[in-house]
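Data first, discussion second: the structure below is written as structure tokens.
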Amino acid sequence: MNIILTTLNAKYIHTNLALRYLKAYAMPTYIPQIIEYTIKDPTMNIVSDLYQNKPEIIGFSLYIWNIEESIKVMRMLKQVMPDVKIIAGGPEVTYDSDYWLERVPEIDVIAIGEGERTFKQLLDVYANNGDLATVQGIAYRENEQLKFTAPGPKLDLRELPSPFRFAEDIPELGKRVTYIETSRGCPFSCQFCLSSIEVGVRYFNRDAIKEDIRYLMANGAKVIKFVDRTFNISRSYAMEMFQFLIDEHVPGTVFQFEITGDIMRPEVIQFLNENAPAGLFRFEIGVQSTNDLTNELVQRRQNFEKLSRTVTMVKDGGKIAQHLDLIAGLPEEDYDSFRNTFNDVFAMRPEELQLGFLKLLRGTGLRIQAEQYGYTYVDEAPYEIFSNNVLSFDDILRIKQTEDVLEKYWNDNRTPRTVEYIVTDVFESPFDFFQQFGTYWETRGWSRIGHQLEDLFTRLHDFLEQDGRADMDIARSLMKIDYLAHHKFQPRKVWWQDELPRETRAAIEQSLLGNPMLTGKDFTAYGLNARNIRKQTYITPIYVNPDNAELGILEKTDGFLVTVFQHGEKPDFLFLDRTLAVTR
């Protein structure tokens, strides 16, 4: 049989782990072909490509981000290939499978839940004209009637074949994210999450996982992301894996984990701070809310004090970047409460703060309780909410405006010094800055147009001038440092009007060459002379000392910022007090 396993990934860099497990389990009896697309690919292009492969069976891996686009593909496929068998699986169709069979008659069978054994059984039935009723854990039609079969026993994950040994994947390993799981299931019961439905945690074979990681690194994998719902639920297991990855990692490879912050023991963090190479690990921590009542209502056990300790210790260690998640729209979290949640979490200054919005996923407890909390939501994937009994749609829109500028100005690390000044010394709270700037951004129509690096700075400058609360000498100075920090070579243009006359700059250059200790640092160390100083430095008026700014000291001081660019490295920032500079 000609069998294709396919999906529409959210981005090209993503890969689908589920399809690879299905293929590995089906082999060697069957050898499915994996073909992946993205949700941005034109539907006709996908259909044409699949059609030309002449499959007899196509398996679709379906999620909230690709279900609607996948339905279009399935409907068109059935028109041009009416005899092809379409098997649908994945978390989006596992729940309410009767709804999906009725809505999408093009689907022949839905595999419910864990799919490896079920998919192999389906292939056996189609290969031998067998009876679908013998397959465990499926939904299908028979004489226009919906039929369901009982699921089989849970798989022994220790016996699953590796999903990583396909030769066709090797050329892409260095270009895409590789997903890996060492366990399935989650010990927690958060009512907004599908992972809460499966009781218990099962583990894969540890030695086999280590061999897979060695294989992936040896073949060029650069980003390996663990999809375990709580990687550190077992401290001994997490420590064993951390030690293994530290001992055997290949330089240039990064490992990402989803961890639960409040159960991370201080001695584990201390071990990582002392032993992990900088940049090797990256943590994603779901905070979601700091409102105790909200967490209680969604059955989320969380000790924010311990979580904060974890995040702070990791950040102080300087080895591991952290990505923290929030969810707006949880029960009884109104606008003011969410503002508090945001400020509580931003106070820890995570490298990234992801602001998400509640989605009432099929199968979750919160979707079942939607009426109790007055939820209105889009009844089509991804099921995002409009409002609830304490959060209006107006509130949602204001928080969304916050999300846009948070991503551009904090998560992308474009303006760290400037933002720190604004949220600490200018606005009442970090949330107030991002929200008010987000509203300004939206009213100016900037969300509907593109932007270059320079645009981000001019737009922030416009907002701060219009708002009127910031000391613009300080703000503009910090913005200059932030802007120049993104350049490895002297920029051809800057976002501000260059206010330094050529003769003044020439005089400053001569002063630096003639008295190399003017900035408090030995200027001769850069090896600059009269011939190359102009090519490798940029000099501009400034009102803060960059060294003090790094320490959070923003005493207003009149001087010049001397930025030195060398060999494509990050620039050095020197401060020259105006009273010491010899200018004309």
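The values are calculated or read from the model by the stated rules, or taken from the named source; none is laboratory data. Note that the coordinates shown come from a computational prediction; the quantities given were computed from them, not determined experimentally. Here the Cβ positions follow ideal geometry from the backbone for every residue, glycine too, while neighbour counts run over all protein chains shown. Ligands, DNA and RNA are stripped out before the accessible areas are found, and what is left, the full protein with its side chains, is counted by its heavy atoms. Shrake-Rupley method; radii C 1.70, N 1.55, O 1.52, S 1.80 Å.
Filter the range 552-583 down to residues that are within 17 Å of Arg476 (Cβ to Cβ) and hydroxyl-bearing (Ser, Thr, Tyr) and give me whichever is surrounded by the fewest Cβ atoms within 10 Å (Cβ to Cβ).
Thr557
Arg505 is checked against (1) touching a strand residue (DSSP E or B) at 6+ places or on another chain (Cβ under 9 Å); (2) of a type in the set (Lys, Arg); (3) under 30 Å from Asp425 (Cα atoms) and fails just one. What number does that condition carry?
Tallying (1) touching a strand residue (DSSP E or B) at 6+ places or on another chain (Cβ under 9 Å); (2) of a type in the set (Lys, Arg); (3) under 30 Å from Asp425 (Cα atoms), Arg505 fails exactly one: (3).
Cβ-Cβ distance below 6 Å, separation of 6 or more or different chains: which pairs start in the range 161-185 with a residue that is open to solvent by 20 Å² or more (accessible area, probe 1.4 Å) and end on one that is in a helix (DSSP H, G or I)?
Pro161/Ala24; Ser162/Asp212; Tyr179/Leu17
Show the residue pairs that are 6+ apart or on different chains and have beta-carbon atoms under 6 Å apart, the first residue being within the range 531-546 and modelled with pLDDT of 90 or more, the second being in a strand (DSSP E or B) and open to solvent by 10 Å² or more (accessible area, probe 1.4 Å).
Listed pairs, sorted by first residue: Asn545/Phe575; Pro546/Phe573; Pro546/Phe575.
Please go through the range 412-429 and give me each residue that is hydroxyl-bearing (Ser, Thr, Tyr) and outside any loop (DSSP other than H, G, I, E, B), ordered by number.
Answer for the range 412-429, where residues must be hydroxyl-bearing (Ser, Thr, Tyr) and outside any loop (DSSP other than H, G, I, E, B): Thr418, Tyr421, Thr424.
Restricted to the range 125-157, and to residues that are open to solvent by 60 Å² or more (accessible area, probe 1.4 Å) and in a strand (DSSP E or B), which residue is farthest from Met1 (Cα to Cα)?
Gln145
For residues that are of a type in the set (Asp, Glu) and not in a helix (DSSP H, G or I), scanning just the range 377-406, find the one that is nearest to the chain's Cα centre (by Cα).
Glu384
So which residues in the range 419-460 are modelled with pLDDT of 95 or more and among the small types (Gly, Ala, Ser), if there are any at all?
Of everything in the range 419-460, those that are modelled with pLDDT of 95 or more and among the small types (Gly, Ala, Ser) turn out to be Ser429, Gly438.
Within the range 1-42, restricting attention to residues that are among the charged types (D, E, K, R) and open to solvent by less than 30 Å² (accessible area, probe 1.4 Å), which residue is farthest from Phe226 (Cα to Cα)?
Lys23
Being of a type in the set (Gly, Ala, Ser) and assigned to a loop (DSSP other than H, G, I, E, B) is the filter; apply it to the range 468-480 and report the residue that is farthest from Val419 (Cα to Cα).
Across the range 468-480, the extreme among qualifying residues is Gly468.
Restricting to the range 491-517, and then to whatever is over 22 Å from Lys570 (Cβ atoms) and among the hydrophobic types (A, V, I, L, M, F, W, C), can you tell me which residue is surrounded by the fewest Cβ atoms within 10 Å (Cβ to Cβ)?
Among residues in the range 491-517 that are over 22 Å from Lys570 (Cβ atoms) and among the hydrophobic types (A, V, I, L, M, F, W, C), the one surrounded by the fewest Cβ atoms within 10 Å (Cβ to Cβ) is Met517.
Filtering the range 43-59 down to residues that are open to solvent by 70 Å² or more (accessible area, probe 1.4 Å) and closer than 15 Å to Arg75 by Cβ, which residue is nearest to the chain's Cα centre (by Cα)?
Once the filter is applied, the top-ranked residue is Met44.
Need a quick list: helices (runs of 4 or more DSSP H) entirely within the range 489-582 having at least 3 residues that are not basic (Lys, Arg).
Qualifying helices (runs of 4 or more DSSP H): 502-514, 546-550.
What about Tyr409, is it part of a loop (DSSP other than H, G, I, E, B) and either open to solvent by less than 20 Å² (accessible area, probe 1.4 Å) or touching a strand residue (DSSP E or B) at 6+ places or on another chain (Cβ under 9 Å) (or both)?
No.
Within the range 17-41, restricting attention to residues that are touching a Phe, Trp or Tyr at 6+ places or on another chain (Cβ under 8 Å) and without any contact (Cβ under 8 Å) to a residue 60 or more places away in the chain, which residue is farthest from Ser162 (Cα to Cα)?
Among those residues, the one meeting the criterion is Ile39.
Right, Lys225: part of a strand (DSSP E or B) and either buried (at least 16 other Cβ atoms within 10 Å of the Cβ) or aromatic (Phe, Trp, Tyr) (or both) or not?
Judged against the criteria, Lys225 is a match.
Provide a single number: the residues in the range 437-467 that are open to solvent by 30 Å² or more (accessible area, probe 1.4 Å), in a helix (DSSP H, G or I) and more than 23 Å from Lys480 (Cβ to Cβ).
Adding up the residues that qualify gives 5.
This table checks each residue for (1) of a type in the set (Val, Ile, Thr); (2) over 24 Å from Val125 (Cβ atoms); (3) part of a loop (DSSP other than H, G, I, E, B); (4) out of contact with any Asp or Glu (no Cβ under 8 Å at 6 or more places or on another chain).
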site	(1), (2), (3), (4)
His14	no, yes, yes, yes
Tyr21	no, no, no, no
Tyr25	no, no, no, no
Ile87	yes, no, no, no
Glu92	no, no, no, yes
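Check Thr563, Thr524 and return the single one that is at negative phi, β-branched (Val, Ile, Thr) and touching a helix residue (DSSP H, G or I) at 6+ places or on another chain (Cβ under 7 Å).
Thr563
Out of the residues in the range 195-212 that are part of a helix (DSSP H, G or I) and in contact with a Phe, Trp or Tyr (Cβ under 8 Å, 6 or more places away or on another chain), which is farthest from Ala24 (Cα to Cα)?
Ser196
For the range 332-372, how many residues are under 21 Å from Phe393 (Cα atoms), in contact (Cβ under 8 Å) with a residue 12 or more places away in the chain and open to solvent by 10 Å² or more (accessible area, probe 1.4 Å)?
Total satisfying the criteria: 13.
Would you be able to tell me the number of residues in the range 60-85 that are open to solvent by 70 Å² or more (accessible area, probe 1.4 Å) and either assigned to a loop (DSSP other than H, G, I, E, B) or touching a Lys or Arg at 6+ places or on another chain (Cβ under 9 Å) (or both)?
3
With respect to the numbered conditions (1) assigned to a helix (DSSP H, G or I); (2) of a type in the set (Asp, Glu); (3) touching a helix residue (DSSP H, G or I) at 6+ places or on another chain (Cβ under 7 Å), which one is the sole condition not fulfilled by Glu106?
The single condition Glu106 does not satisfy is (1).
If a residue counts only when it is open to solvent by less than 10 Å² (accessible area, probe 1.4 Å) and basic (Lys, Arg), which helices (runs of 4 or more DSSP H) contained entirely in the range 240-331 have at least 2 such residues?
Helices (runs of 4 or more DSSP H) meeting the threshold: none at all.
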